[in-house]
1. Could you give each residue of region B:379-390 its phi-based ³J(HN,Hα) in whole Hz, using Karplus coefficients 6.51, -1.76, 1.60 with θ = phi - 60°, and x for Gly or Pro?
2. Going through the cross-link list B:Lys396/B:Lys515; B:Lys467/B:Lys822; B:Lys170/B:Lys521, which pairs have a Cα-Cα distance over 32 Å in this structure?
3. Once phi is turned into θ = phi - 60°, what whole-Hz ³J(HN,Hα) does the Karplus curve with 6.51, -1.76 and 1.60 give for every residue of region B:415-430, x standing for Gly and Pro?
4. Is region B:82-179 rounded, prolate or oblate when judged by the Cα gyration tensor, a ≥ b ≥ c being the square roots of its eigenvalues, rounded requiring a/c under 1.5 and prolate requiring a/b larger than b/c?
5. Mind checking which aspartates and glutamates have their Cα closer than 15 Å to the Cα of B:Lys252? Skip sequence neighbours fewer than 8 apart in that chain.
6. Nearest 10 degrees is fine. How inclined is helix B:4-21 to the longest principal axis of chain B, computing both from alpha carbons?
7. Determine, for B:Phe119, B:Phe512, the number of other Cβ atoms within 10 Å of each Cβ, and report the residues in order from fewest to most.
8. Tell me what the protein assembly as shown gives for mean residue ellipticity at 222 nm when only DSSP H runs of n ≥ 4 count, each as -39,500 (n - 2.57), the sum divided by the residue total, rounded to 500 deg cm²/dmol.
Amino acid sequence: MVYTLIIVLSAIAQYFGPWWLMPIICFGLCFWKSETAKGAYGIAFAAISTLWLSYATYQNIVTQGVITNKIAELFRIPNATLLFTAVTFVGGTVAGFAGMAGYYCRAAFVSTK
Amino acid sequence: MIVGYPFFILTCTHKSLYFINKIPKPFISSLFSMKYLRAFLSLVIAGGLTYLLNRPLGVLPSLGPFFSPFTGFWQNADAPLKLPPSEMKLAGLKGEVTVEYDDNGVPHVFADNDEDLYFAQGYIIARDRLWQMDFYSRVAAGRLSEVMGPLALDFDRYNRRLQLPEGAEKLVEAFMKDPISKMIVESYSAGVNAYIEQVSYKEMAIEFKILGYTPEAWSPLKTALVEMVMRKDMNARSDDYRMSNALTKYGKEVVNDLFPDYPIEESPIIPVGTKWAFTPVAVPKVPELMKEAIAAKLDIEAENPGIGSNNWAVHGSRTATGLPLLANDPHLGLSLPSIWYQMQLVSPTVNVYGVCVPGWPGIGIGFNKDIAWGMTNVGSDVFDFYQIQFKDKTLKQYKYNNEWRPVTMKVNEFKVKGLPTMTTDTVLYTHHGPILYSEGQKPFFGDLPVGHALTWVGPVAQGNSLKALYISNRGKSYEDYQKIMGLLAAPGFNLVFASNQNDIAITSSGHFPLKWKEQGKFILDGSNPEHDWRSWIPVEHNPSVKNPMRGFVSSANQFPADRSYPYYLGWKFAPGERGIRINERLSAMEKATVDSLRLMQGDNFNIEARRILPDLLKILEQDASAKANPAYPILAKWNMRNDPSEVGATIFERLVRELRLAIWEDDFPSKDEKTPMSLPTRDRTWELLKKQPTSKWFDDTRTTNKIETADDIVKTTFKATIDSLTAKYGPMTHATWAWGTAKSTDIKHLVPLFKSFSRMDVINGGGANIVNATTDAGHGPSWRMVVQLDKNWPKAYGIYPGGQSGNPGSPLYDNMIDKWAKGELNELVFLKSKDEKHPKVVSTVKLKH
């Protein structure tokens, strides 16, 4: 549920707004609903990785990869797969920590019992 | 790997969070409640990470937005058939503008009035090339290091010292004085700014994203700065210092012999024997030359054989249609994005097609219904150095006309990216101009000069290029062509012209200083008023010819006129081979067609080989070891064409280069640390080899036991040539030594570090002194155009080595390169009106107020 919501809401937010709305949404949704710190981290990481990777892959396909190799080469990344990995990792990590912060803030400021 | 750094941070922060869990709880809770601390720390990490990734890290762009597929580099990739949005509201437009894009990405702009036309030109070109425009203006402003860092600082210093910014300010003054150019440059700026205001990070050029900055508002000054880049590229070269060193060592007689003021083989732009239709003004008498030895050193780029161009127009009496044909191929440093951008501009006052330089409004080279025009660089000597005698070490006064004059000082400031404080550069000025480099400061080219003031045309020539283009774009006849002459000040252009009234013409246009003979061939005396630039050659006296008897006009940067021309323009122009070849071919051409001119643009015949190869072979023939060399028969049987498949061209080009060095480097060391000198021209060298093979200059002064002749030098150089080619390309095979492979042309991105945005090793023929002037250094025909004039509607063809889009992620970024390399041209879509249905028009954009 949270996984899907992160994907949908953050996709809308990122489509219309700056990229940093993404961690805010992860924070908010994990604040609203998450069980453990690790779980929050994992679900946000997974959701954003999925979203970024899928959208990047889609872009890559419709544009016939015209830019991917050029950027990989520019960053001296040996191949395009690693570039996708790097992109996924950056997005996922930011999301993960934001989600984890969401969980800890809820634990601190909202009484769960 | 540069991506390593942020991942390192990520990993560390992740671990540190778990570390908190291991701190003994009683200890923590005695200070804070554990839960608040966790919340606080996790917020700091998440927020900090987001913040860090939202800003550039060292050389890295802001990785968050850059990697995000919603805003980052993937957004710069265009699908093969990506069509721009079909309607756009733009504040600042008076009416509606229709832009028809053809399948090559060329916009055809239809506006109801001229203000809207130039507004739309600015807006449309900014969409495709904004980063490039910003880059050019930063080059001339000496502000590249603000966005590129310390790497670009020396370049910036040099450009400021050349007074490119001051020159631009003067140009703006001239633009603003004239209501037409004021309207053009202000409308254009407003159009560019309409785009800048609209563009989001997501749509921004990838170079902005990578380098981590955003575009500044465009302004008339930036347009002027772009023009200054052109002045510098065309004019800012000098061999005065090297010539002075040769003069000091060998004296005037030797210099006159080896560095003559007119070549032995030449075919000047204005046909020999043309009568000058003016009474010359008095030319200043040659004053006393500077006697003192030159103590100060000056090292500056001397010659650049890659910057040049061809153009010609053939009269209707020699064409198949009975009306003129015009061709132009300006040779410039080839780059991506390309220096040119194709456009058609239409308003009630104009319908013109051609290419423009991003940032510079109007069409620079092109055609309309009635006329066509093109340009090549004149390359006259308009860049002179004056030796300055300071009173003392404080450098506060300098000698002039037997008095001490005050030196003025200017401090240039540079806000260098990555440096905490402002960097400064103090420049000394005399009335001649800036001291290019002062003692102890590192010059941009090579090492060390002292006390040389620079006078050059860049910051002083006036004129109004925008008005000139306004008139030429709307030109109908030869009379309109004449109107623009005084307006094109610098760089000087050989302006070729043809009209459907069957007029053809060529003029070496521009403002040229009125010099005494050889003024500026050597370093000038800064203390002698007679060495100053005093006035200009009247523009009506510039070399010009209309409808000459021979039925064609042409230029290839050679001498504008023969020795009968009453004014001194310079002692050396581009080598004559291209001009000789073009004039021979055009003389032989009857019933010329577009195709015969297209083929001529790609002509690979080697005039220099025709001149000297038989003599070289005759010498090598006598040498058994040379004859036994497998390279010898290849050279002997070579068809003297620099075609991509020819191995002979590879051997010959290397041989003549090495030969010139072998003959002269002992006497005129061009790379000498202390006193570098110019090498005599190839024209003079081959004459010496043919006519005086036992001249003392052939003796290699570095060998003591032998006196060499031309034959000895040719034989040893042939062997050395084959050895060095073998060292570079391996044993001789057709595949590895073929001229196309050996030469290979690189078309690099404007930031050479962005290698993956460049197109390397483009295979083609030609060479620096071949009509198809594509060099290994990445210079060559930056736009090829052939126009067939017509009473009703002209037909035109053109191509440049790049693409309309400046975006490396667009299929239109470099789509024309392969076709260009093959010597093919595209038929240009010249629409009669916005209602014309043309099969190549693929999308329409409406711009509305």
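Each reported figure results from applying straightforward, stated rules to the coordinates on display, with no laboratory input. Keep in mind that what you see is a predicted model, and the values were worked out from it rather than measured. Neighbour counts run over all protein chains shown; Cβ positions are idealised from the backbone, glycine included.
1. After applying 6.51 cos²θ - 1.76 cosθ + 1.60, I find x, 6, 7, 10, 9, 10, 10, 10, 6, 10, 9, 7 Hz.
2. Details: B:Lys396/B:Lys515 29 Å; B:Lys467/B:Lys822 36 Å; B:Lys170/B:Lys521 28 Å.
Exceeds cut-off: B:Lys467/B:Lys822.
3. After applying 6.51 cos²θ - 1.76 cosθ + 1.60, I find 9, 7, 4, x, 9, x, 10, 5, 9, 10, 9, 8, 10, 9, 10, 10 Hz.
4. Numbers: a/c = 3.33, a/b = 1.68, b/c = 1.98.
Oblate is the answer for region B:82-179, as a/c is 1.5 or above yet b/c matches or exceeds a/b.
5. Leaving aside aspartates and glutamates fewer than 8 places away in the same chain, those within reach of B:Lys252 are B:Asp240, B:Asp261, B:Glu288, B:Glu292, B:Glu518.
6. So the helix axis and the longest Cα principal axis differ by about 20 degrees.
7. Numbers: B:Phe119 31, B:Phe512 28.
Ordered by Cβ neighbours within 10 Å, fewest first: B:Phe512, B:Phe119.
8. Values: 31 runs with 384 residues, N = 962.
That calculation yields -12500 deg cm²/dmol at 222 nm.
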